[in-house]
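The values are calculated or read from the model by the stated rules, or taken from the named source; none is laboratory data. Predicted model, so just to flag it, every value in this text is computed and none were measured. Cβ placement follows ideal geometry from the backbone for every residue including glycine, while neighbour counts extend to all protein chains displayed. Side chains are part of the model used for accessible areas, which takes the heavy atoms of the whole protein and leaves out ligands, DNA and RNA. Shrake-Rupley method; radii C 1.70, N 1.55, O 1.52, S 1.80 Å.
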Amino acid sequence: MARSAKAKTAADAVPLTPNRERPKQPERFRASKEQLLDFYKQMLLIRRFEERAGQLYGLGLIGGFCHLYIGQEAVAVGLQSAMTVGKDSVITGYRDHGHMLAYGIDPKVIMAELTGRAAGISKGKGGSMHMFSVEHGFYGGHGIVGAQVALGTGLAFKHQYSGDGGVNLAYFGDGAANQGQVYESFNMAKLWNLPVIYAIENNHYAMGTSVERSASEPDFYRRGESFQIPGLQVDGMDVLAVRGAAETALEWTRSGKGPIILELKTYRYRGHSMSDPAKYRSREEVQDYREHRDPIDRAAKELEGLGVSADELKAIDKEIKDIVVEAAKFAEEAPEPHAAELATDVLVESY
């Protein structure tokens, strides 16, 4: 049978229009002395809280898994300080204590949750990995690697559908970035231009394997290019660089341009969890980060340049330590949940 039309070849195909518009290159946030002091206090609170959590875990007062955020404080503080609590939503994986503290949630109820007490923010049933506060727009704390990315995309759809002007911030790590559901989420988010910021906390080692050995594309900010989602790479050890990137990302999403990826190059000083001896990296490497790239030390030096004395910084540290000691005391003395609590919060309604 004769062909009615000439067959199209690859040369005849119209090239796809690339995603030409890009977000502007972020500028380092120009913080006032008061703003930088606030960032410093928030980061220090996360650091001291996590150190205390590690101690309580060692004493057997925290059970299950416990993933500490020590070293990564600038990411949560830099990003969430630019967001509006209650309007914007946040979702993350199981390394979630720092994100909750950065959203202004009471350290007492977080520590009580870690110790499995009834006064905990999830009534002692979630523990370290599963904490929520609908009031703050904080939706977890998720143990399934990468699952929070799909859920965060759904939260972004809720913001768009209801027209509330909110943006979802969905955190995940370099390990989770290789999960298939992440890319299904990217595709849907761009098709609908959802207001979502995908924040990839690249701490280089996932659960214990270096990025160089596990990722064919180690520059994670490029992972959205095939979905026409732009990405930016940010120094995640500099709270002002992170805050500047947050401003750019929020401007992009709030203007209706859809999702954006932020890759935060950061580093965790402890193992993946409290049970991880972290033998896959050298002590010298960790020490180098602590001595030369620590986000809290960097902020302290900048504060000193703005006229804050060493004595004032010591007083702040004491103030923060007192808050954490009080939170730990509250958690240790709070009662455990009643056995009947196991049957609550299973269903939204009664059936």
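Does region 191-212 include one or more residues that are more than 16 Å from E263 (Cβ to Cβ), among the acidic types (D, E) and part of a helix (DSSP H, G or I)?
no
Farther than 22 Å from G78 by Cα and without any contact (Cβ under 8 Å) to a residue 40 or more places away in the chain: does that describe N187?
Values: farther than 22 Å from G78 by Cα: yes; without any contact (Cβ under 8 Å) to a residue 40 or more places away in the chain: no.
No, not satisfied.
Could you list all residues from region 129-164 that are touching a helix residue (DSSP H, G or I) at 6+ places or on another chain (Cβ under 7 Å) and in a loop (DSSP other than H, G, I, E, B)?
M131, Y139, G140, G141, H142, G143, V145, G146
Tell me whether region 39-60 contains one or more residues that are in a loop (DSSP other than H, G, I, E, B), at pLDDT 95 or above and within 18 Å of the chain's Cα centre (by Cα).
So in region 39-60, the residues in a loop (DSSP other than H, G, I, E, B) come out as 59-60.
Restricting the remaining residues to those that are at pLDDT 95 or above gives 59-60.
Subsequent filtering for residues that are within 18 Å of the chain's Cα centre (by Cα) retains none.
No, every residue in region 39-60 fails to be in a loop (DSSP other than H, G, I, E, B), at pLDDT 95 or above and within 18 Å of the chain's Cα centre (by Cα).
Can you find a residue in region 164-180 that is without any contact (Cβ under 8 Å) to a residue 60 or more places away in the chain, closer than 28 Å to Y69 by Cα and over 18 Å from the mean Cα position of the chain (by Cα)?
Initially, region 164-180 is screened for residues without any contact (Cβ under 8 Å) to a residue 60 or more places away in the chain, giving 174-175, 177-180.
Subset that is closer than 28 Å to Y69 by Cα: 174-175, 177-180.
From what's left, over 18 Å from the mean Cα position of the chain (by Cα): 180.
Taking every residue of region 164-180 in turn, at least one turns out to be without any contact (Cβ under 8 Å) to a residue 60 or more places away in the chain, closer than 28 Å to Y69 by Cα and over 18 Å from the mean Cα position of the chain (by Cα).
Restricting attention to region 168-182, does a residue exist that is assigned to a loop (DSSP other than H, G, I, E, B) and of a type outside the set (D, E, K, R)?
Checked against the condition, which is being assigned to a loop (DSSP other than H, G, I, E, B) and of a type outside the set (D, E, K, R), region 168-182 yields at least one hit.
How many residues are over 23 Å from G175 (Cα atoms) and part of a loop (DSSP other than H, G, I, E, B) if we restrict to region 240-269?
Adding up the residues that qualify gives 4.
Name the residue, out of M237, M274, that is in contact with a strand residue (DSSP E or B) (Cβ under 9 Å, 6 or more places away or on another chain) and in a loop (DSSP other than H, G, I, E, B). Let's see the steps before the verdict.
Working: M274 fails: in contact with a strand residue (DSSP E or B) (Cβ under 9 Å, 6 or more places away or on another chain).
The conditions single out M237.
In region 141-186, what count of residues is obtained for those that are acidic (D, E) and open to solvent by 40 Å² or more (accessible area, probe 1.4 Å)? Even if it seems obvious, please write down each step before you answer.
Filtering region 141-186 for residues acidic (D, E) gives 164, 174, 184.
Narrowing the set further to residues that are open to solvent by 40 Å² or more (accessible area, probe 1.4 Å) leaves 164, 184.
Residues in region 141-186 being acidic (D, E) and open to solvent by 40 Å² or more (accessible area, probe 1.4 Å): 2 in total.
Considering only residues of region 303-321 that are surrounded by 10 or more Cβ atoms within 10 Å (Cβ to Cβ) and not in a helix (DSSP H, G or I), which is farthest from the chain's Cα centre (by Cα)?
Among them, the one singled out is S309.
Condition first: crowded, with 18+ Cβ neighbours inside 10 Å and either of a type in the set (S, T, N, Q) or within 20 Å of V145 (Cβ to Cβ) (or both). Can you find one or more residues in region 274-286 that meet it?
Applying the first criterion (crowded, with 18+ Cβ neighbours inside 10 Å) to region 274-286 yields none.
No: region 274-286 contains no residue that is crowded, with 18+ Cβ neighbours inside 10 Å and either of a type in the set (S, T, N, Q) or within 20 Å of V145 (Cβ to Cβ) (or both).
This table checks each residue for (1) open to solvent by 30 Å² or more (accessible area, probe 1.4 Å); (2) over 22 Å from G236 (Cβ atoms); (3) free of Cβ contacts under 8 Å to residues at least 60 places away in the same chain; (4) assigned to a loop (DSSP other than H, G, I, E, B).
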site: G78; (1), (2), (3), (4): no, no, no, no
site: M83; (1), (2), (3), (4): no, no, no, yes
site: V90; (1), (2), (3), (4): no, no, no, no
site: Y94; (1), (2), (3), (4): yes, no, yes, yes
site: G98; (1), (2), (3), (4): no, no, yes, no
site: A112; (1), (2), (3), (4): no, yes, no, no
site: G116; (1), (2), (3), (4): no, yes, no, yes
site: G124; (1), (2), (3), (4): no, yes, no, yes
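Yes or no: H67 part of a loop (DSSP other than H, G, I, E, B) and in contact with a strand residue (DSSP E or B) (Cβ under 8 Å, 6 or more places away or on another chain)? Quick ask: steps written out before the conclusion?
Details: part of a loop (DSSP other than H, G, I, E, B): yes; in contact with a strand residue (DSSP E or B) (Cβ under 8 Å, 6 or more places away or on another chain): no.
Considered against the rule, which asks whether it is part of a loop (DSSP other than H, G, I, E, B) and in contact with a strand residue (DSSP E or B) (Cβ under 8 Å, 6 or more places away or on another chain), H67 comes out as no.
Return the pair list, or none, for Cβ contacts closer than 8 Å from residues in region 263-289 that are among the β-branched types (V, I, T) to residues that are outside any loop (DSSP other than H, G, I, E, B), at least 6 apart or on different chains.
That search, which allows pairs on different chains as well, returns T266/A74; T266/V75; T266/E201; T266/N202.
Could you please let me know if V14 is modelled with pLDDT of 95 or more, farther than 20 Å from L114 by Cα and out of contact with any Cys (no Cβ under 9 Å at 6 or more places or on another chain)?
Working: modelled with pLDDT of 95 or more: no; farther than 20 Å from L114 by Cα: yes; out of contact with any Cys (no Cβ under 9 Å at 6 or more places or on another chain): yes.
When the stated conditions are applied, V14 does not pass them.
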